[in-house]
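**Q** Right, I'll just put the structure down here and ask away after.
The values are calculated or read from the model by the stated rules, or taken from the named source; none is laboratory data. All values derive from a computational prediction rather than experimental measurement. Glycine gets a Cβ as well: all are built from the backbone with ideal geometry, and neighbour counts include every protein chain shown.
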Amino acid sequence: MKRFYLLITLSALYLLHTACPGSTKDNDELDVPYIITDFKDITVTDESGLILSKDSSDWILDALWSAKEAALFDVMSVYKFCPIANNQEVVPAYPNPNNGRFFMGLRGMQGYRVTLHLVDRNLTSLRRFDSFTIAQNQPSLFFALNLQDINASDTLRLYYRIQREDGCELRGHGDLLLR
């Protein structure tokens, strides 16, 4: 099974390398700011958390990160995925758009360690939140975040890294539109 994943990873790296034949540097070595191309869409939610429109890349648990994104957490971009159980989910930020104050939630991740990191379009770090561990007896955790001190009226990205004790991880992000 490990050979299969290694083969898939190497094949993907080869395809990425050959897709840009004019470049001898990878994205991490370029002397230009790293800009995420799909940074404009958000999952729109109301004050009660009802999803009004969904961005398919937001608030998932199995995102693939570039080396630049993984570096926000001082980890490698390749990692061991945790199998995702049916009861596990990230509840999207609500409301979104928002004024810098919003709620979000995690379900089915008892005992997992959570780290959050907020960035702008250039992956410039705006805030790194202290890691926390969800209690074993807590099937759901909802919490409020206050970003009103960040002077931004644009889309920002909140990355999350959720680790189990055995070292496997769940990763993803959610885009937030601050107004």
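**Q** Hey, among 48, 140, 125, 56, which residue is polar (S, T, N, Q) and farther than 20 Å from residue 177 by Cβ?
**A** Being polar (S, T, N, Q) and farther than 20 Å from residue 177 by Cβ holds for just one of 48, 140, 125, 56, which is 140.
**Q** A follow-up question, please. Filter the stretch 134-162 for residues that are crowded, with 17+ Cβ neighbours inside 10 Å and charged (D, E, K, R) and give the result.
**A** Those that are crowded, with 17+ Cβ neighbours inside 10 Å and charged (D, E, K, R): 157, 161.
**Q** If only one of 165, 169 is acidic (Asp, Glu), under 19 Å from residue 81 (Cα atoms) and either at pLDDT 95 or above or surrounded by fewer than 16 Cβ atoms within 10 Å (Cβ to Cβ) (or both), which one is it?
**A** Residue meeting the stated conditions: 165.
**Q** Moving to a separate point now. Would you mind finding the one in 126, 116, 106 that is in a strand (DSSP E or B), more than 21 Å from residue 169 (Cβ to Cβ) and under 16 Å from the mean Cα position of the chain (by Cα)?
**A** 126
**Q** Give me the residue from the stretch 123-179 that is of a type in the set (Lys, Arg) and free of Cβ contacts under 8 Å to residues at least 60 places away in the same chain and, out of that set, farthest from residue 79 (Cα to Cα). It would help to see each step written out before you state the result.
**A** Kept after step one, since they are of a type in the set (Lys, Arg), are these residues of the stretch 123-179: 127-128, 157, 161, 164, 171, 179.
With free of Cβ contacts under 8 Å to residues at least 60 places away in the same chain added as a condition, the list becomes 127-128.
Working: 127: 23, 128: 21 Å.
That would be 127.
**Q** For the subset of the stretch 70-82 comprising residues that are of a type outside the set (A, V, I, L, M) and touching a residue at least 60 places away in the same chain (Cβ under 8 Å), which member is nearest to residue 125 (Cα to Cα)?
**A** 73
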